[in-house]
Amino acid sequence: MPQEQASQTQTHDDERYIIGYAMEPKKIQNLLKPSLIEHARKHGIDLIPIDINKPLIQQHPNLHFHCIIQKLQPKHWDNLNLHQYMSKHGTTTTIIDPPHLVRKLQNRVSMLEFASNLPLSVQNATVGVPYQAVIDIHKTSGDDFEEMVTDSNLRFPVIAKPLYADGTMKSHELCLVFDREGLRETLNKNAAAGSTTTPVVLQEFVNHGGVVFKVYVAGEHVRCVKRRSLPDIPEEKAETLKGTLKFSQISNFTVQDDNGAKSNAGHNGDGANHLSNIERAEMPEENLIKELARALRERTGLNMFNVDVIRDAKDCTRYLVIDINYFPGYAKLPCYEPFITDFLLDCVRNKPAFVCEENQGMNE
Ligand SMILES: Nc1ncnc2c1ncn2[C@@H]1O[C@H](COP(=O)(O)OP(=O)(O)OP(=O)(O)O)[C@@H](O)[C@H]1O
Ligand SMILES: O=P(O)(O)O[C@H]1[C@H](O)[C@@H](O)[C@H](OP(=O)(O)O)[C@@H](OP(=O)(O)O)[C@H]1O
Ligand SMILES: [Mg+2]
Ligand SMILES: [Mg+2]
């Protein structure tokens, strides 16, 4: 890790804090790299794994957790029985973040409500959300379908997104839909899935120069990075496009990953141009990012999330929040070790402003 990026937080020599982490093995592998464990250890924090399949009260009887970070499915909350644990240790242990609040990010409608009508004032910039509508996936034919599309007031192209963003692979399977026929086709396929049918949100596709800004938030710590996104669709081309185009996790690779993949594959031409789009794109104003993060922390009551933001290609003062993810892949940030460690130190020392109020809603 470069020296100048080292943790800004001073360590008080004799202080040691125990922080438990409760998450699935894949998330542990992604986040809890030896470099983070070591950096945290050097700054007074011992990161201890919590078994998500059995009650916490039965684990680590001789340890006192100052704080617990978690990314869990509801079944794990039941298995861990954190309610029982907190009724014993709730005055000295903090859980980040309350599950009933995390759940609001697992629905793409309630998620974006947090980002609607944000009162931000940084130069002329505005931050909003794209127009979106939840549709009735059973209205796939005849007048019902035509009426539904007309009533939805949506303009093609749109992106069909599963309503529930619950961490499953399926929840990341998105589809660009270019016209009514494409939409009918998407709904028919969904209906054919029978018991796995999921409600769908249709969100207007907004041209944004092929770059998405990912704003990572951990309490008061905020970092913004650029990632690859869908390319623009010129208006005249949009009118001629038909059908659908499926895609998934298009923005999950860092620019460095992208570079590596492209040079390994020996690609140039389009790929290289696309990448330089990202490199060329100007970052949003730092204060705007800070204000956005602050406003969303307040509105959601959460500490650990990231926000996907795009900038309208037609109006560079118009920013749109398209996605908010709980406990994202922080390890993709350069020098994420001090970023996370500093946040954890804030939690154990000052307690973040919006921590689990009296552990309300813990087992909801
Ligand atoms: N309304 C939109 N207009 C233009 N591009 C969009 C829009 N919504 C999504 N995208 C593109 O599609 C990508 C995936 O969409 P979104 O972030 O909603 O899905 P996700 O599966 O929740 O992603 P993540 O992996 O970040 O959780 C975005 O990163 C962006 O590149
Ligand atoms: O596993 P689910 O609950 O689906 O959440 C994912 C988020 O949706 C993604 O946004 C995370 O990737 P980014 O950190 O690149 O946004 C992604 O990060 P990861 O796969 O690196 O852990 C996940 O956090
Ligand atoms: Mg996203
Ligand atoms: Mg998401």
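Any read-out appearing in this document is the output of simple, stated calculations on the displayed coordinates, not a laboratory observation. Only a predicted model underlies this, so the values are computations on that prediction, with no experimental measurement involved. Here the Cβ positions follow ideal geometry from the backbone for every residue, glycine too, while neighbour counts run over all protein chains shown.
Tell me whether segment 55-142 comes out rounded, prolate or oblate; compute the Cα gyration tensor, take square roots of the eigenvalues as a ≥ b ≥ c, and use a/c under 1.5 as the rounded threshold. Because a/c hits 1.5 or more and a/b fails to exceed b/c, segment 55-142 counts as oblate. A Cβ-based charge dipole, computed about the Cα centre of the chain with Lys and Arg at +1 and Asp and Glu at -1, lands at about 720 debye.
Restricting to segment 1-140, compute how many DSSP beta bridges are antiparallel as a %, nearest 5.
Values: 1 of 14 bridges.
If I count the DSSP bridges inside segment 1-140, around 5 percent turn out antiparallel.
Peptide packing for 31-42, 212-223 was compared via the average number of neighbouring C-beta atoms within 10 Å per residue; ordered from the highest value, the list is 212-223, 31-42.
Taking a straight Cα-Cα cut-off under 12 Å and skipping sequence neighbours fewer than 8 places away in the same chain, the aspartates and glutamates within cross-link reach of residue 71 are 24, 97, 166. The aspartates and glutamates within cross-link reach of residue 33, meaning a Cα-to-Cα straight distance under 12 Å and a gap of 8 or more places when in the same chain, are 337.
Would you calculate the convex hull of the Cα atoms in segment 78-213 and tell me its volume per residue in Å³?
Details: hull volume 23.9 nm³, N = 136.
That works out to 176 Å³ per residue.
What FRET efficiency would be calculated for the residue pair residue 87, residue 276, taking the C-beta separation as r and a Förster radius of 41 Å, to the nearest 0.05? Walk me through the numbers on the way to the answer.
Values: r = 56 Å, r/R0 = 1.37.
Between residue 87 and residue 276 the formula returns 0.15.
Dividing the summed helix terms, -39500 (n - 2.57) for each DSSP H run of n ≥ 4, by the number of residues in the chain produces a 222 nm estimate of -9500 deg cm²/dmol to the nearest 500. Summarising the strand pairing of the chain, around 70 percent of its internal DSSP beta bridges are antiparallel. If the cut-off is a Cα-Cα distance under 13 Å, which aspartates and glutamates reach residue 88, setting aside same-chain residues fewer than 8 apart in sequence? Result set, ordered by chain and number: 358.
Per-residue Cβ neighbour counts within 10 Å put 242, 226 in the sequence 242, 226, beginning with the fewest. Within segment 93-183, the trypsin sites (Lys or Arg not before Pro) that combine a DSSP coil assignment with at most 12 other C-beta atoms in a 10 angstrom radius are 155.
Assuming 0.36 nm per residue, please report the length gained on full extension of the stretch residue 298 to residue 283 beyond their Cα-Cα distance.
On the way: separation 15, 0.36 × 15 = 5.40 nm, distance 2.36 nm.
3.0 nm is the gain from fully extending residue 298 to residue 283.
Once divided by 2.2 N^0.38 Å, the Cα radius of gyration of the chain becomes 1.06. Where a ≥ b ≥ c are the square roots of the eigenvalues of the C-alpha gyration tensor, would you call segment 1-156 rounded, which needs a/c under 1.5, or, failing that, prolate if a/b is larger than b/c, or oblate? It comes out prolate by the Cα gyration axes.
Dimensions of segment 143-248 from C-alpha coordinates, computed as largest minus smallest value along each principal axis and given longest first, are 51, 39, 23 Å. Take the alpha-carbon centre of segment 329-344, take the same for segment 76-153, and report the distance between them in whole Å. For segment 329-344 versus segment 76-153, the Cα centre distance is 25 Å.
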